[in-house]
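Visitor: This is the structure I have questions about; it appears just below.
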Amino acid sequence: ATLTIALVAAVIAWWAIAKSRYGLKNLPPGPRGLPIIGHFHLIGRLPHVSLQQLSAKFGPLMSLRFGFVPVVVVSSPAMAREILKTHDTAFADRPYKIAANFIFYGQRSISWSSYGDHFKKARKLCATELFTARRVTSFTHVIRDELWKLSGELRAASASGEVVKLRRHLRGLSFNLMTRILMKKVYFGPGASTDESALQEAKEFVNIIDSVLTVGGAFAITDFFPGTKWIDWTVPAAKAASDKLNSFLTKVLDEQRPGEVPDFVALTKSYFDGPDQMKYTKALLVDMFLGGSETSSTVVEWAMAELLHYPKVIAKAQEELERVVGRERMIEESDLPKLEYFSALVKEVFRLHPPLTMMVPHTTAQNQKVAGYDIAKNSMIFVNVFAIGRDPSVWSNPLEFNPDRFMGTSFNVHGHDFELLPFGSGKRGCPGLPLGLRNVQLVLSNLLHGFDWSYAGDIEKHQMTEAMAVVNFMEHPINVRASPRLDDATY
């Protein structure tokens, strides 16, 4: 009986796709698919790489089918502009995803909610309250404080000859930054409670976030084959991760404590009312934490890995930092506009290693016409940011790490230049861009200014490959040695 139901659901889904494409005579080009599975057989371990290779053959606007879901892949600045600017509103919706539904309280987060009144209200909250220039500046002292603690840890490691597991330190800094801002708590390093219950809470929090990232980046059969929840391991895994996350957030939010920053929870609650107020608050909390911690630390780790392969770039950046700032203090927010080469360096990191290799997928409720092609309603739209940043028709020597390519140009990462989209663009662009960018800039500049770096081993043997995950993690974390380069009093 169960198998019969699944087969009936499959037939209905197949009919729905055929009906949605009826009358659409000019779909974007794409490879020939197989019955039932569509084009899944063409997708390898790293989907963004497989799609990049397919787009090189079939074009920057490409049609695929994943199971019973029509898919369109965008792989050029011109096509990204079409989707994210010219037809921004038409493609501003989100598809249903089983993991997002569990983790974000029925897709109530700003990143996954449908394009409607709730999304617009949440977007307004971010633009007018949470991430204004004044608010982000008020967070800067938290970043400086966490940097001071990290510098102490790196100096201690240097004095003892210890190899530094950079990801662990960067992740701890970003976790602390976001938990101090969002929850008014410190979980790692100096300043964290050494009480056994607090240590257990910190460990639990990391495990929960890891499980969320794992299930969020996993392939869910039911997203593409209706009626298959009963055989999809991600369904119970997503529910388990969601239950643990909800219990943790409930406990944290029930603890009232004075804050060093404005009360995020109070601000969020003031924007939402009704019986689902707490669900909206928690969904936004998860959104902000994942977007503000994992992505920033990942980008800085990629930056350090690239720089260790290019010591001349490190030397050039350090020369500018020392010339502009000197050796008697750390980098401050007011220094950043004066650092032209460092700014170019950050853009080059974002070009090669965006926080997400592909944007959170878009969808549309109606048939659309884009660049002369027909796009079927309910199509899942993937913008391959990874491919755009490595497009040889846009970038010379695209695989080379070369900050000089941005010197004297007006490119920025704010979503107006479709060649460079680390934070997305348009109505679905990342609302936390001001804080995320500031975090990356201050952390990376102070790491370069405060320390000389070397790879613990043979850097030529380090593989610069991505992991299969929702965030663009480096598959092989780097281990390094750090040597202080400023006066002791500076730290």
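Visitor: Which of Y187, V235, G216 sits closest to the plus end of the dipole of the range 172-257, meaning its Cα is farthest towards the positive end, when Lys and Arg get +1 and Asp and Glu get -1 on the C-beta?
Guide: The one lying farthest along the dipole's positive direction is Y187.
Visitor: Roughly how tilted is helix 196-216, in degrees to the nearest 10 and between 0 and 90, from the longest Cα axis of the chain?
Guide: Once rounded, the angle reads 40 degrees.
Visitor: What ranking do E319, E129 get, fewest neighbouring Cβ atoms within 10 angstrom at the top?
Guide: Exposure proxy ranking, most exposed first: E319, E129.
Visitor: Shape of the range 266-413 from its Cα gyration tensor (a ≥ b ≥ c, root eigenvalues): rounded if a/c is under 1.5, otherwise prolate when a/b > b/c, or oblate?
Guide: Oblate shape, in that a/c is at least 1.5 and b/c is the bigger or equal ratio.
Visitor: For the chain, what is the mean residue ellipticity at 222 nm derived from helices alone (per DSSP H run of n ≥ 4: -39500 (n - 2.57); sum divided by total residues; nearest 500 deg cm²/dmol)?
Guide: Estimated from H runs of four or more residues: -15500 deg cm²/dmol.
Visitor: Please determine, in degrees from 0 to 90 and to the nearest 10, the orientation of helix 2-21 with respect to the longest principal axis defined by the Cα atoms of the chain, where the helix direction is its Cα long axis.
Guide: Tilt of helix 2-21: around 90 degrees.
Visitor: Taking the Cα centre of the range 2-490 as the origin, how large is its charge dipole in debye, to the nearest 20, when only Lys and Arg (+1) and Asp and Glu (-1) carry charge on their Cβ atoms?
Guide: 1580
Visitor: Next up: Under 5 Å between amide hydrogens, which residues at least 5 positions from V383 or on another chain qualify, with H placed 1.01 Å from N in the peptide plane?
Guide: V74, M359, H362
Visitor: Whole angstrom only: what separates the Cα centroid of the range 82-124 from the Cα centroid of the range 324-394?
Guide: Here the two parts' Cα centres lie 19 Å apart.
Visitor: Between E475 and E255, what FRET efficiency follows from the Cβ-Cβ distance if R0 is 41 Å, with the result rounded to 0.05?
Guide: 0.65
Visitor: Which peptide among 376-383, 38-45, 83-90 comes first, and what is the full order, when sorted by highest mean count of other Cβ atoms within 10 Å?
Guide: 376-383, 83-90, 38-45
Visitor: I've got another one for you. Using only Cα atoms, find the angle between the long axis of helix 133-160 and the longest principal axis of the chain, and express it within 0 to 90 degrees, rounded to the nearest 10.
Guide: 60
Visitor: Let me have the relative contact order for the chain, percent, based on Cα pairs under 8 Å that are six or more residues apart.
Guide: 25
Visitor: Ranked from highest to lowest mean number of other Cβ atoms within 10 Å per residue, what is the order of the peptides 437-449, 139-151?
Guide: In descending order of packing, they fall as 437-449, 139-151.
Visitor: Could you work out the local net charge near P77, counting Lys and Arg as +1, Asp and Glu as -1, over the other residues with Cβ closer than 13 Å to its Cβ?
Guide: 0
Visitor: Still on this structure: Output wanted: per-residue J couplings in Hz (rounded whole) for the range 109-123, from phi through Karplus 6.51 cos²θ - 1.76 cosθ + 1.60, θ = phi - 60°, x for Gly and Pro.
Guide: Here the 3J(HN,Hα) series is 6, 5, 6, 10, 6, 5, 7, x, 4, 4, 4, 5, 5, 5, 5 Hz.
Visitor: Amide H of N479: which non-local residues (sequence gap of 5 or more, or other chain) have their own amide H closer than 5 Å, using H built in the peptide plane?
Guide: A456
Visitor: Could you derive backbone 3J(HN,Hα) for the range 451-468 from the dihedral phi with the Karplus parameters 6.51, -1.76 and 1.60 (θ = phi - 60°), listing whole Hz in sequence and x where the residue is Gly or Pro?
Guide: My calculation for the range 451-468 gives 9, 8, 10, 9, 7, 7, x, 9, 4, 5, 8, 6, 8, 8, 10, 8, 8, 7 Hz in order.
Visitor: Distance cut-off 24 Å, Cα to Cα: go down the list K149/K282; K121/K251; K185/K347; K121/K279; K120/K347; K57/K97 and report the pairs above it.
Guide: Beyond 24 Å between Cα atoms: K149/K282; K121/K251; K185/K347; K120/K347; K57/K97.
Visitor: Which of the peptides 404-412, 214-222 is most tightly packed, and how do the rest follow, judged by the mean count of other Cβ atoms within 10 Å per residue?
Guide: Going by the mean number of other Cβ atoms within 10 Å, highest first, we get 214-222, 404-412.
Taken together, the values in this text are just the output of simple stated rules run on the coordinates, not laboratory data. In this text the structure is predicted, and so the values were computed from the model without any measurement. Ideal geometry is used to build each Cβ from the backbone, glycine not excepted, and the neighbour counts take in all protein chains shown.
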